[in-house]
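The values are calculated or read from the model by the stated rules, or taken from the named source; none is laboratory data. Keep in mind the model is a prediction, meaning the values are calculated, not measured. Here the Cβ is made from the backbone with ideal geometry for all residues, glycine too, and neighbour counts use every protein chain on show.
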Amino acid sequence: MRNHTRARHLSQRAAPFTTTTKATSQAERARRLRFTFQPVLTCLAGSFADVPQDLLKEIQALERLFTIDTAKLKQITDRFQAELDKGLSVEGGSIPMNPTWVMSFPTGYETGTYLALDMGGTNLRVCQITLTEQKSEFDIIQSKYRMPEELKTGEADELWEYIADCLMQFLETHHGDTSKLEKLPLGFTFSYPATQNYVDAGILQRWTKGFDIAGVEGHNVVPMFEAALAARGVPIKLAALINDTTGTLIASAYTDTKMKIGCIFGTGCNAAYMEDCGSIPKLAHLNLPPDTPMAINCEWGAFDNEHQVLLRTPYDITIDKDSPRPGQQAFEKMIAGLYLGEIFRLVMVDLHDNHETHIFANQDISKLRKAYSLDSSFLSAIEEDPYENLSETFELFQNKLDITPSLPELELIRRTAELIGTRAARLSACGVAAISRKKGYNTCHVGADGSVFNKYPNFKARGALALREILDWPEKNDPKEDDPIEILAAEDGSGVGAALIAALTLQRVKDGNMHGILHPENYQ
Ligand code: BGC
């Protein structure tokens, strides 16, 4: 039963918290930072000379736990590549390798006006994107709405109602009277693993990233979403359900034809790439032309759910055990932004409680005991502390946790953050290397987005170094030289990418390619 009072309450909160912005692809492109190989910073704070022996031993033990050497990276990559193949097979494997029915790259000449909805972990973003006549150019207006925390573990109806309210508000703001509006095509970025037998449908395989809403897993989310739109008379027709990685791939390829892989390193982590239908045994029964492209949403967060190759620390095991979906997303739980701060927190609490050193001895660590109280920006701040005496980290601990760390403890804190951040970047590189090798890409660009990629210090450089180690690239003669495979900041996947996918889908239906279309009537 729908709770009207609550739904009304939620709808009142569907107020945009950022004003509408307008940007062009050029402005977006200016944002793109090419990164070149830089020496990776290890232990750049003070030396460990002043660190007492017992703490030093703890640091060394953590280094043994979290360090992944080149040989191990290569072993993980080999297994990763085999698992990608397995995911495409009829029997399937841990990595879902979901076909998405995105069946071409954009040409840059797509045109038209589309809506895009991004149901992210923190925000809900609604955009209107106009792909202009000029090649690879677009205009975008967008509003962001806060995603109330309680919605993530609440009732399914409330989620869809809230989303429909946000969309309606967006249309009212930008189009006035919606009753006269013709239905606008929408690309809905739903960044969770979904089985897509059609581009306009998606059966949620499982919630990830801390979401836990009953009654959605195992069901097609599109009718639930459409019912909420219909109940409010929101003039929108869904053109495509999209994963953020597929959006990232397509948006990046719109402006850079070398882009072959789209990645998200944010609250969650994942990648998409373009496969040929002939190399997807699980689609063989559909008799699609073998050289037709099909974007695959890998859902690589599920890599090694069976724990065959990743070396999990006791902290990783605790994270998994206490998560809403134990046994799922093994790879993601070692890499993604949602978990990095929590891994760090668990290390700190363990060193306080259980080890002879008892860090933060005789201090009240009750704030530190709160699960998920530290996010990855906390680790970023520690790694970014420029001072030899780690004074910013000291203040961070005092202000946020009411803990006063000693200088040796600060050294341990810094090293722990580096170890966790470095492990995440190096593991991420295994996924990129595995897809590149599988596809035989010796050179290409990889478009990446997400808070960890964009904001975590050294993540890019550490990832690039790991890629070099895995793929045995020779030393560079000139440090400015590009790497053969470069991971670059992506274009806006869940905005422009979603609009492009809507455009590509409408166009292919017009051209008579009806594969993977459930509701042809929506594409008239
Ligand atoms: C989801 C993916 C998504 C990734 C990045 C993961 O938790 O399963 O669908 O692409 O997060 O947002």
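Structure notes:
- Listed here are the strands (runs of 3 or more DSSP E) enclosed by the stretch 100-196 that have at least 1 residues being touching a strand residue (DSSP E or B) at 6+ places or on another chain (Cβ under 7 Å) and within 16 Å of the ligand (Cβ to nearest atom): 112-119, 123-131, 184-190.
Listed here are the residues, each with its yes/no results for (1) at positive phi; (2) crowded, with 18+ Cβ neighbours inside 10 Å; (3) of a type outside the set (D, E, K, R).
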position	(1), (2), (3)
Val126	no, yes, yes
Lys135	no, no, no
Asp139	no, no, no
Arg146	no, no, no
Ala156	no, no, yes
Leu159	no, yes, yes
Asp165	no, yes, no
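Quick grid of which residues meet (1) of a type in the set (A, V, I, L, M, F, W, C); (2) at pLDDT below 95:
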| site | (1), (2) |
| --- | --- |
| Pro148 | no, yes |
| Thr153 | no, yes |
| Ala156 | yes, no |
| Tyr162 | no, no |
| Phe188 | yes, no |
| Asn197 | no, no |
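- Asn287 vs. criteria of a type outside the set (A, V, I, L, M, F, W, C) and either on the phi > 0 side of the Ramachandran plot or modelled with pLDDT under 95 (or both): yes
- Residues of the stretch 243-260 classified as closer than 21 Å to Gly120 by Cα and either of a type outside the set (A, V, I, L, M) or within 13 Å of the chain's Cα centre (by Cα) (or both), total: 8
- Tally, over the stretch 79-107, of residues that are among the charged types (D, E, K, R) and in contact (Cβ under 8 Å) with a residue 60 or more places away in the chain: 3
- Counting only residues that are in contact with a strand residue (DSSP E or B) (Cβ under 6 Å, 6 or more places away or on another chain) and over 19 Å from Ala302 (Cα atoms), the stretch 238-255 holds 9 of them.
- Candidates Val234, Val221: the one that is surrounded by 21 or more Cβ atoms within 10 Å (Cβ to Cβ), within 14 Å of the ligand (Cβ to nearest atom) and touching a residue at least 24 places away in the same chain (Cβ under 8 Å) is Val221.
- Filtered residue count, the stretch 269-325, keeping only those that are of a type in the set (Gly, Ala, Ser), within 16 Å of Thr100 (Cα to Cα) and surrounded by 15 or more Cβ atoms within 10 Å (Cβ to Cβ): 4
- Within this structure, Ile382 fails the test of being in contact with a strand residue (DSSP E or B) (Cβ under 6 Å, 6 or more places away or on another chain), aliphatic (A, V, I, L, M) and surrounded by 23 or more Cβ atoms within 10 Å (Cβ to Cβ).
- Ala429, sole failed condition from (1) away from the ligand (no atom under 16 Å from the Cβ); (2) closer than 20 Å to Gly121 by Cβ; (3) not acidic (Asp, Glu): (2)
- Residue match in the stretch 406-423 (condition: assigned to a loop (DSSP other than H, G, I, E, B), closer than 30 Å to Gln363 by Cβ and either β-branched (Val, Ile, Thr) or more than 23 Å from the chain's Cα centre (by Cα) (or both)): yes
- Qualifying residue in the stretch 448-469 (condition: within 17 Å of the chain's Cα centre (by Cα), free of Cβ contacts under 8 Å to residues at least 40 places away in the same chain and crowded, with 19+ Cβ neighbours inside 10 Å): yes
- The strands (runs of 3 or more DSSP E) found entirely in the stretch 237-354 that carry 3 or more residues being within 12 Å of the ligand (Cβ to nearest atom) and in contact with a helix residue (DSSP H, G or I) (Cβ under 6 Å, 6 or more places away or on another chain) are 259-265, 269-276.
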